[in-house]
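Input: a single structure, listed below in structure tokens.
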Amino acid sequence: MNKNTAIKLLPALMLVPLSVSAQVTSFADAISAGEVNLDMRWRYEHVDQDNDLKDADASTIRTRLTLSTGEYRGLSGLLEFEDSREAFVDDYNDGLGSNPRYSTVADPETTELDQLYLRYKYEQFRATVGRQVLVRDNQRFIGHVGWRQDRQTFDAVELHWQASHNINVAYAYIDQRNRIFADDRDVDAQDHLFNADIGTDVGKLSGYVYLLEEDDSPNESETYGIRLAGDAEADKLTLRYAIEYAMQDADNANGSFDTDYYLFEGGVGWRGITITGGLEVLGSDGGDYGFSTPLATLHKFNGWADQFLSTPDQGIEDYYIGASGQVLKGTWNVVYHRFDADKSTRRIDDLGDEWDFSYAIKFYQHYAAGAKYAMYSEGDSEANKVDTDKFWIWLSANF
């Protein structure tokens, strides 16, 4: 399938038999019943690294305008534009080569089509064709990277079927990965995503198969996994847990590899305070290749300082513990990570540690603000990491 095939297929969906249970009586009514949404976020980010790069300071504004239609005979559509601009301060490397003497803040200036899709629904079946956001489970493998100003979307065809009240099956074909570095770094691909989940008495059990292939590089991977996540009440306590395992076969310019992924996580909530701890392992194939999740919302995992956006060849063992709660109508969060190599060598074993802190609050219905700080301390020098501090403040509005 050629580049942008998903968007080109939009007219084809019009040929699908239409549902007789229309919510509006004409296409014009569907347009009139649509909604317009404006979402804006200003953010300041500071990066201080213990190397020769200058400290980065970035002030950016992201604007997202969304137009969605009502539903007519099962059909609906969505059009969304996104713009990211520098505002007041631009002393940073945007990841595309500008200001290379500064540390990187991956928020380049861009104006682009963020989403454009046509959706058809009939009873428990849904088909979506076009540029769209795709999210699976906790975004460890498939996500939108919404933390960055230019979020990740996909040119894709997605099919979803709710087989019963607690069973869901989904398939997606991705023709292009629209990444966070504007149009310059988008990737033509032939990706197949298979997902199924069932609600059980002990939590949601999910299975997945992700077959990823880039058109213009030798990078390919096959990932097969299973996940169980749930919670339970015990007296005044809330218990949360997640267990996950995946195996991966991968090919790149250096050869063929196979490795595994493990997650063990548990948490307990009491009187508004939640304590969470766990171990996440992105395994290594003999120190030559680390388990990879290129379509994930990577900022969410392995520390907010973003030191492990690419898994090192030695793999990662991430031991973490954190606490969260409410204060002054906002949410606070504190997390500690300890990073070790999955396959240690004589020179690389300790991958460092990190403290993360955040506070966020919503107010006056349409507004939100927050601050976040990440403090990473390097481990073994051969791991090629340096002490890194990052600080953010932001203000957003949604109408």
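The values are calculated or read from the model by the stated rules, or taken from the named source; none is laboratory data. From a predicted model like this one, the values you see are computed outputs, not experimental measurements. As a convention, Cβ positions derive from the backbone with ideal geometry for all residues, glycine included, and neighbour counts pool all protein chains shown.
No other residue among G207, G143 is at pLDDT 95 or above and surrounded by 20 or more Cβ atoms within 10 Å (Cβ to Cβ) apart from G143.
Return yes or no: is D353 within 23 Å of Y261 (Cβ to Cβ) and touching a strand residue (DSSP E or B) at 6+ places or on another chain (Cβ under 8 Å)? Full working, then the answer.
On the way: within 23 Å of Y261 (Cβ to Cβ): yes; touching a strand residue (DSSP E or B) at 6+ places or on another chain (Cβ under 8 Å): yes.
Yes, satisfied.
From the list L282, L263, the one residue that fits, being surrounded by 19 or more Cβ atoms within 10 Å (Cβ to Cβ) and closer than 21 Å to N219 by Cα, is L282. H192 fulfils the conditions (1) within 16 Å of the chain's Cα centre (by Cα); (2) surrounded by fewer than 19 Cβ atoms within 10 Å (Cβ to Cβ); (3) assigned to a strand (DSSP E or B) except for a single criterion, (1). Out of the residues in region 30-80 meeting the condition of being basic (K, R) and assigned to a strand (DSSP E or B), tell me which one is surrounded by the most Cβ atoms within 10 Å (Cβ to Cβ). Residue satisfying both the conditions and the ranking: R43.
Quick grid of which residues meet (1) in a strand (DSSP E or B); (2) modelled with pLDDT of 95 or more; (3) crowded, with 16+ Cβ neighbours inside 10 Å:
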| position | (1), (2), (3) |
| --- | --- |
| F88 | yes, no, no |
| G97 | no, no, no |
| P108 | no, yes, yes |
| R126 | yes, yes, yes |
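Check G70 against each of (1) touching a residue at least 40 places away in the same chain (Cβ under 8 Å); (2) more than 30 Å from Y122 (Cβ to Cβ) and name the one condition it does not meet. Evaluating G70 over (1) touching a residue at least 40 places away in the same chain (Cβ under 8 Å); (2) more than 30 Å from Y122 (Cβ to Cβ) leaves (2) as the failure.
Answer with yes or no whether Q162 is under 30 Å from S206 (Cβ atoms), polar (S, T, N, Q) and touching a residue at least 40 places away in the same chain (Cβ under 8 Å). No: the conditions fail for Q162.
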